[in-house]
Amino acid sequence: MRIIAIEEHFITPMYREKVAANEFRNFYLSSRGSAMGHDIIAENLDLGASRIAHMDAAGVDVQVLSFGSPGPQGFAADVAIPMARDANDRLFEATRKYPGRFYGFAALPTADPLAAASELERCVGRLGFKGAMIHGHQQGEFLDAPKYRPLWKTAEKLGVPVYLHPALPHPQVVKAYFDGYEELARAPWGFAIDTSSHFLRLVFSGLFDDCPKLKIILGHLGEGIPFAMHRLDTHARAAAERRGLKKTPLEYLKNNLLVTTSGNWYEPAFVCTLLAMGIDSMLFAIDWPYESNKVGMEFFNRLSLSDGDKHKLAHGNAEKLLKL
Ligand code: ZN
């Protein structure tokens, strides 16, 4: 069965230079890397033979690649614009060198929303990329702000999805909720809260009334949203109407949201997501190199799904959404 994994990351020398390491992050990367058996930074920098070898060993046929978090969202335009362009050009070279094995999601310099829209047009139109990935808030500003509307409209016009990926939560949240507990601010908890809250701001801002065909992808089995769908809908339905939204919260979650399996190897959460969202809204992803290809494939292989649903999850939904 063809396996397409769509939240697979890489970094660049410029990323290494600009993204500040700290004592906790160094601890996290080295302890997690040794638990998984690979060097996260080295594998992140590789867009060639080592990446392909790890894919082949686990049975991953295709990676849809995206720049690492926080990507350009962590920087002002003077850094973000050249950083995104350099990452996208490197990714384009990798997709040319390994046709059929690598596809691209664009990195976008959202510090300058119009530059981000034109970079998306360049990446989709000239480099053949299949969508974009945005790593959460733009230095503390969420992308429901009106100035980002042209960027979202560009994605809708091009017919490509935008993957909303975690980064560290808003600095005030980190301070108020996680001061002294940096581990909780990240992948174990804070990432999901930040990303799901950001997505819900997009919903309640009326983005999907302006861009009804726009598709947003959330990783990690929907960052908790499938678990909360009933409460979100019943307790916010009247408020959504009061804001003038055309549909109920549930309808946007059903129409405009897709979720992937990245790094959430937990069957109870998978079953919840499947029941809440339906298989047609789910795609396979691993989150290499922060996750192990082997562990992701073991999870996929033990899922109790019909053959038809397994094909949809493994490749069919991605082929349709990304026009592969
Ligand atoms: Zn990721």
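What chymotrypsin sites (Phe, Trp or Tyr not before Pro) does the range 253-324 have in DSSP loop regions with at most 14 other beta carbons within 10 Å?
Working: sites: 265, 266, 270, 284, 290, 299, 300; in loops: 265, 266, 284, 290.
Here the sparse-neighbourhood loop sites are 266.
Remark: the range 198-204, residue by residue, has Karplus-estimated 3J(HN,Hα) of 4, 4, 5, 4, 4, 4, 6 Hz, where x stands for each Gly or Pro and the curve is 6.51 cos²θ - 1.76 cosθ + 1.60 at θ = phi - 60°. Using a probe of 1.4 angstrom and keeping all protein chains present, the accessible surface of the chain works out to 43 square angstrom per residue. In the context of the full protein assembly, residue 307 retains an accessible surface of approximately 120 Å², using a probe radius of 1.4 Å and ignoring ligands and nucleic acids. Using only alpha carbons, the chain has a radius of gyration to Kirkwood radius ratio (Rg to Rh) of 0.93. Put a dot 7 Å past the Cα of residue 230, heading toward its Cβ, do the same for residue 172, and the two dots end up 3.3 nm apart.
Find, to one decimal place in angstroms, the Kirkwood hydrodynamic radius of the range 180-324, where the mean of 1/r is taken over every pair of different Cα atoms and then inverted.
On the way: mean 1/r = 0.0621 Å⁻¹.
This gives a value of 16.1 Å.
Close amide H contacts of residue 260 (hydrogens built in the peptide plane, cut-off under 5 Å, sequence separation of 5 or more or a different chain): 218, 219, 220, 221, 222, 283.
Taking amide H positions as modeled 1.01 Å from N, with prolines and chain starts lacking one, the residues under 5 Å from residue 6 and 5 or more places away or on another chain are 64, 285, 286. Residues in the range 15-32 carry Karplus couplings, in order, of 4, 4, 6, 9, 7, 5, 7, 9, 4, 5, 4, 4, 4, 4, 5, 6, 5, 5 Hz; the curve used is 6.51 cos²θ - 1.76 cosθ + 1.60 with θ = phi - 60°, and Gly or Pro positions show x.
Roughly what % antiparallel, to the nearest 5, for the DSSP beta bridges in the chain? Could the numbers behind the result be given before it?
Details: 1 of 23 bridges.
Taking every DSSP beta bridge with both residues in the chain, the antiparallel ones total about 5 percent.
In order along the range 272-278, phi translates into HN-Hα couplings of 4, 5, 4, 5, 6, 9, x Hz, rounded to whole numbers, per the Karplus curve 6.51 cos²θ - 1.76 cosθ + 1.60 with θ = phi - 60° and x for Gly and Pro.
Proximity of backbone amide H atoms, modeled 1.01 Å from N, is registered between residue 106 and 130, 131, 132, 133 at under 5 Å, excluding neighbours fewer than 5 places apart on the same chain.
The values are calculated or read from the model by the stated rules, or taken from the named source; none is laboratory data. It should be emphasised that the depicted structure is a prediction, and the values quoted were computed from it without experimental measurement. Glycine gets a Cβ as well: all are built from the backbone with ideal geometry, and neighbour counts include every protein chain shown. The protein model used for the area step is the full one, side chains on, heavy atoms only, and it has no ligands, DNA or RNA in it. Shrake-Rupley method; radii C 1.70, N 1.55, O 1.52, S 1.80 Å.
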